[in-house]
Ligand SMILES: [Zn+2]
């Protein structure tokens, strides 16, 4: 599985599918694995990497949200302590999420060497800046609704890593599957966390991680601009060319066009509510 980025603290794996990232952070105290995915060989490569760096640290497995592509690797790491939001543990419609995994695996004849189940969670994130301290390592978690209601992002202040989940990607504009106002608040929160911490590496759920603070802030601003412009467009019942051009500027604009239509429907629904 291709490694997109690596330094002494962290390895960012990138799946062949949807440029999905899986992050493994290693310290003396812990190994933190985030969203291991997609294909069995890719997950096996992540597992081997974890084994290689295992000096008896406690292993943690973070799910940034409950989309099926982010959870399907759970049982490949049976000895890891799982972490996710309260919303993740209370999620309704788990059968649909599992069905998405089964449908994907069946349509590509994929057999996984581990059972596919909805993750049961050991450490539940209830509030912003919830922090766990293990030895000299600390990890802080923040609730991140908007894309999905049950999102979480994580910060390792020591090495300065921010694992964002499906926000501030360079290959996707916002996919608003939950709520656009919540999405904007999560963007604000990401900016605040950037202000309050030294972030040396920002890892989105899809696309390219970056060490460039200006680039991270630009992605956040672009996301906010997209949502606000879309909302204005829907309020005034007119479509602006600039938004169409923005969507077209992404590499995979055919697939993204569907998400853009979903976003329109979502904001229309919010407007009527
Ligand atoms: Zn995703």
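The values are calculated or read from the model by the stated rules, or taken from the named source; none is laboratory data. Bear in mind that the values here come from a model prediction, so they are computed numbers and not experimental data. Note: ideal-geometry Cβ built from the backbone for every residue, glycine included; neighbour counts use all protein chains shown.
A few comments on the model shown:
- Within the range 51-63, the set of residues being away from the ligand (no atom under 16 Å from the Cβ) and surrounded by 22 or more Cβ atoms within 10 Å (Cβ to Cβ) comprises 60, 61.
- Condition met for residue 158 (part of a loop (DSSP other than H, G, I, E, B) and under 29 Å from residue 245 (Cβ atoms)): no
- In the range 75-93, of all residues being out of contact with any strand residue (DSSP E or B) (no Cβ under 7 Å at 6 or more places or on another chain) and modelled with pLDDT of 95 or more, the one that is farthest from residue 61 (Cα to Cα) corresponds to 87.
- If you go through the range 124-144 and keep only what is touching a residue at least 24 places away in the same chain (Cβ under 8 Å), surrounded by fewer than 20 Cβ atoms within 10 Å (Cβ to Cβ) and assigned to a loop (DSSP other than H, G, I, E, B), you end up with 126, 128, 135, 136.
- Filtered residues of the range 64-85 (kept if in contact (Cβ under 8 Å) with a residue 40 or more places away in the chain, closer than 18 Å to residue 21 by Cβ and either within 11 Å of the ligand (Cβ to nearest atom) or part of a strand (DSSP E or B) (or both)): 64, 65, 66, 67, 69, 70, 71, 83, 84
- Selected residue (criterion: nearest to the ligand (Cβ to nearest atom)) from residues of the range 160-169 that are without any contact (Cβ under 8 Å) to a residue 60 or more places away in the chain and over 26 Å from residue 248 (Cα atoms): 162
- Helices (runs of 4 or more DSSP H) wholly inside the range 170-273 containing at least 1 residues that are within 16 Å of the ligand (Cβ to nearest atom), surrounded by fewer than 20 Cβ atoms within 10 Å (Cβ to Cβ) and modelled with pLDDT of 95 or more: 253-272
- Residue check, residue 144 at negative phi, within 16 Å of the ligand (Cβ to nearest atom) and at pLDDT 95 or above: yes
- Residues of the range 231-241 classified as over 18 Å from residue 259 (Cβ atoms) and within 30 Å of the chain's Cα centre (by Cα), total: 3
- Checked against the criterion of being assigned to a helix (DSSP H, G or I), surrounded by 12 or more Cβ atoms within 10 Å (Cβ to Cβ) and at pLDDT 95 or above, the candidates 110, 97 yield just one match: 97.
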